[in-house]
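Since every read-out is calculated from the coordinates, none of them should be taken as a lab result. All figures in this text were calculated on a predicted structure; none of them were measured in a lab.
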Amino acid sequence: MRTHLDTRRIELLKFIFLAFVLVPVLSVGVVAAYGFAVWMVQLVAGPPGL
C-alpha cells in the first residue's frame, strides 16, 4: 500500500517528466512536422506568389 509521500513523489516525477520532457519534445515535433509539410507543398506547387 502506498503512503501519502510515495503518491506525492510519483506525482511530482510525472509532472517533471511532462513539463520538462514530453511537452518540449512534442512542441518541437509539431513545429518540425509543420515546416516539413510546408516544404513539401512548396516543392510540389512552387513557392508562394508564382
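Per-residue ellipticity at 222 nm for the chain, helices alone: DSSP H runs ≥ 4 residues times -39500 (n - 2.57), over residue total, nearest 500 deg cm²/dmol?
-25000 deg cm²/dmol
Using only Cα atoms, find the angle between the long axis of helix 23-45 and the longest principal axis of the chain, and express it within 0 to 90 degrees, rounded to the nearest 10.
Long axis of 23-45 versus the principal axis of the chain: about 10 degrees.
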